[in-house]
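Remarks on the structure that follows.
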Amino acid sequence: MINLSNMKLKKLDNFGYTALELLVVLVIFSVLGILFSYLLRQNAADARDVQRKRDISAIYFSLEASKKDNLYPETITQGNLNGIDPEALVDTKGVILGQPNAEYRYYPADCSNGLCKSYEIKVNLEKEAEFTKKSASS
């Protein structure tokens, strides 16, 4: 029989980490990095959608406040909207409402002599369906 009490065990001094430990840490940090970048992109998309909705609502309220005899302008400019921030007419890509490729779209209806009886303002959102505001007097 072997007497373990008299036997001296040789202690191994390990300096550093094994390749497996390093690989596990690398995989964990990679997964966390991918998750963080995904969440960051989602938050940015949410922020752009909120800005789009805020701008469309500002245009809508300005149109409703500046209508004359329940008629709306055929084209939207800062000149025919009362008290609107000019930046509200610029979409998230930097294109002004009414320009080609603008995210914000204005559709006047039943127009004559530059005035219209109704309208719709629309914008496509990244994470939701199209956002639409219609004139109060349709």
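The values are calculated or read from the model by the stated rules, or taken from the named source; none is laboratory data. This structure is a prediction, so every number in the text was calculated from the model and none was measured. Heads up, the Cβs are rebuilt from the backbone with ideal geometry, glycines too, and the neighbour counts pull from every protein chain shown.
Observations
- Residue in the range 72-95 that is within 15 Å of residue 131 (Cβ to Cβ) and either modelled with pLDDT under 85 or not hydrophobic (A, V, I, L, M, F, W, C) (or both) present: yes
- Residue 30 meets the conditions (1) under 22 Å from residue 132 (Cβ atoms); (2) modelled with pLDDT of 95 or more in every case but one. The failed one is (1).
- For residue 57: the one exception among (1) in contact with a Cys (Cβ under 7 Å, 6 or more places away or on another chain); (2) assigned to a helix (DSSP H, G or I); (3) among the small types (Gly, Ala, Ser): (1)
- Flag for residue 59 being under 17 Å from residue 134 (Cα atoms), over 18 Å from the mean Cα position of the chain (by Cα) and at pLDDT 90 or above: yes
- Where strands (runs of 3 or more DSSP E) fall wholly inside the range 63-138, the ranges with 2 or more residues that are more than 20 Å from the chain's Cα centre (by Cα) are 105-112, 115-123.
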